[in-house]
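Participant: Below is the structure I would like to discuss, written out as structure tokens.
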2 protein chains.
Amino acid sequence: MSRCVMEQRPKGPERREDALSRERIVAAAIEILDAEGERALTFRALANRLSTGSGAIYWHVPDKDALLSVATETVLSGAMAEIAGGSDPAAALRALALSVFDAIEAHPWVGTQLAREPWQPAMVEVFERSAAQFERLGVSRGSLFHCVSAYVHYLLGTAAQTAAAARHKFAASDRPAVLAAIVERWTRRDPAQYPFVHRLAEQVRTHDEREAFLAGLDLILAGAKPTR
Amino acid sequence: MSRCVMEQRPKGPERREDALSRERIVAAAIEILDAEGERALTFRALANRLSTGSGAIYWHVPDKDALLSVATETVLSGAMAEIAGGSDPAAALRALALSVFDAIEAHPWVGTQLAREPWQPAMVEVFERSAAQFERLGVSRGSLFHCVSAYVHYLLGTAAQTAAAARHKFAASDRPAVLAAIVERWTRRDPAQYPFVHRLAEQVRTHDEREAFLAGLDLILAGAKPTR
DNA sequence: GACATGCCTGGAACGATGTTCCAATGAATT
DNA sequence: AATTCATTGGAACATCGTTCCAGGCATGTC
């Protein structure tokens, strides 16, 4: 652990600046995940990027699950540090959800990880903050849990959806073509049997996900307001 | 060189009764998934259960993703065949969501698969049916997409959550202990900083997931009703 | 200065997995 | 009877997460 303290040396490329540390490993992992996708994060690729061996990484990180967990936590807590407070409860709930949404859109693998292991520390933070805002909104104690639960589930669902979309984006890297392919697969079904799918397909093709996310969120907030 | 196609089998004469088929393979896969969890489904275990080799399976199924996809589809379409229609729209939306929820609770791996690959054919079915009900509910065309989207996202979030809970249940196979462990991890945080988490922790410990799911769903339905 | 200690490193090795390849089988057709 | 070809079973391959271990390099002790 004394190895991590760098102020001991005033300056110097002479000392190996590539000293391994948990943070450097996590940072490298995030870089790989962002640049090449989830499948590209292997301990070999990670060791290669850090110019070391797999064993060295295992000294700082217990296993791959923990690595992904810490990476997720790093991104999410960073995102949540920036949200503004003080406004009215509904706006705060929107801001909180949006910060998570934006983080997932910027780092889709966070969505995958969140869907797989929902109770990360950052998610507990979301739980706590949203509960406070729902209470300020006037939700009774009895239904507070249900409101927060719906809020979090909606967030998780969006996370999964966004991550899945990004996965397909990686496979065939231009977005309109992918959307068109999905719509085509939908519309291949008999239009008579699936009228709504056909009608909504056009909307899917042109829809703004961020706006749709907010609209869906407002649905929940509208339902919560009556303090039922 | 041979690839899996869904083509016709030569009609009249039947093969050995233990002949491999896509359905038999999928059925065996579902059995393994239900009995031993997602991690236990390997092509070797599958081949072993079917008393054959991995290569024989690959003749009927392109790869593991497709196998999981078909298994998910099998369970979901089976679940959706049983829902009753004809009642009022809100009740129909609850019934539809509940059938998916129950299927996921009975086969948690379906939740994992749904979070990873949301647009299974059965999910398009959910999309279609729920859109029809939302329209009967009086939702305007403009907000129909947002309502359905919120509905589906909530469903996906619940799927991920339920699947994750089941995964932990597998690890330490008695449920109260797992819940207690989660709550303990929550409450280890400073109570002063996380008052709501502490208050809600008790509710988590005793809550009925099915009821909570329905309550959250009603939140969305309540928000949708004003035809905003 | 020489030695011992313990954190840290690098890479070889292990077991398991998804997938491919191919020789063998046997029913259907000629 | 010969041939064809869908189907089978399992060996082989590449890759993954993980473990193991033989060293380095800094520090503390004589």
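Participant: Could you say which residue among B:LYS64, B:LYS11 is open to solvent by 60 Å² or more (accessible area, probe 1.4 Å), modelled with pLDDT under 95 and within 15 Å of DNA strand C (Cβ to nearest atom)?
Facilitator: On inspection, the qualifying residue turns out to be B:LYS11.
Participant: Something else now. Criterion first (of a type in the set (Lys, Arg), out of contact with any Gly (no Cβ under 6 Å at 6 or more places or on another chain) and touching a residue at least 24 places away in the same chain (Cβ under 8 Å)) does A:ARG129 satisfy it?
Facilitator: Yes, satisfied.
Participant: Determine the pairs where a residue that is closer than 14 Å to A:GLU23 by Cα, located within segment A:62-73, has a partner that is within 16 Å of DNA strand C (Cβ to nearest atom) and in a helix (DSSP H, G or I) with Cβ atoms under 6 Å apart, the partner being 6 or more residues away or on another chain.
Facilitator: A:LEU67/A:ALA29; A:VAL70/A:VAL26; A:ALA71/A:VAL26; A:ALA71/A:ALA29
Participant: So, one more: Please determine whether any residue of segment A:115-130 is part of a loop (DSSP other than H, G, I, E, B) and polar (S, T, N, Q).
Facilitator: yes
Rundown of residues vs (1) among the charged types (D, E, K, R); (2) part of a helix (DSSP H, G or I); (3) within 27 Å of A:ALA115 (Cα to Cα); (4) free of Cβ contacts under 8 Å to residues at least 24 places away in the same chain, yes/no style:
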| position | (1), (2), (3), (4) |
| --- | --- |
| A:PHE145 | no, yes, yes, yes |
| A:VAL152 | no, yes, yes, no |
| A:ALA163 | no, yes, yes, no |
| A:ALA177 | no, yes, yes, yes |
| A:ARG185 | yes, yes, yes, yes |
| A:GLN193 | no, no, no, yes |
| A:VAL197 | no, yes, yes, yes |
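Participant: Can I ask one more? Of these, B:ARG185, B:ARG189, B:ARG116, which one is facing chain A (nearest Cβ under 9 Å), surrounded by fewer than 14 Cβ atoms within 10 Å (Cβ to Cβ) and under 23 Å from A:TYR151 (Cβ atoms)?
Facilitator: Of the residues listed, the single one that is facing chain A (nearest Cβ under 9 Å), surrounded by fewer than 14 Cβ atoms within 10 Å (Cβ to Cβ) and under 23 Å from A:TYR151 (Cβ atoms) is B:ARG185.
Participant: Scan segment B:199-213 residue by residue and report those that are more than 7 Å from every other protein chain (Cβ to nearest Cβ), in a helix (DSSP H, G or I) and more than 16 Å from A:PHE134 (Cα to Cα).
Facilitator: Those that are more than 7 Å from every other protein chain (Cβ to nearest Cβ), in a helix (DSSP H, G or I) and more than 16 Å from A:PHE134 (Cα to Cα): B:ALA201, B:GLU202, B:VAL204, B:ARG205, B:THR206, B:GLU209, B:ARG210, B:GLU211, B:PHE213.
Participant: Restricting to segment B:14-66, and then to whatever is of a type in the set (Asp, Glu), away from DNA strand D (no atom under 13 Å from the Cβ) and in a helix (DSSP H, G or I), can you tell me which residue is farthest from the other protein chains (Cβ to nearest Cβ)?
Facilitator: B:GLU31
The values are calculated or read from the model by the stated rules, or taken from the named source; none is laboratory data. Because the structure is a prediction, the values reported are computed rather than measured. All Cβ positions, glycine included, derive from the backbone under ideal geometry; neighbour counts span all protein chains shown. Keep in mind that these areas ignore ligands, DNA and RNA; they rest on the heavy atoms of the full protein, side chains included. Shrake-Rupley method; radii C 1.70, N 1.55, O 1.52, S 1.80 Å.
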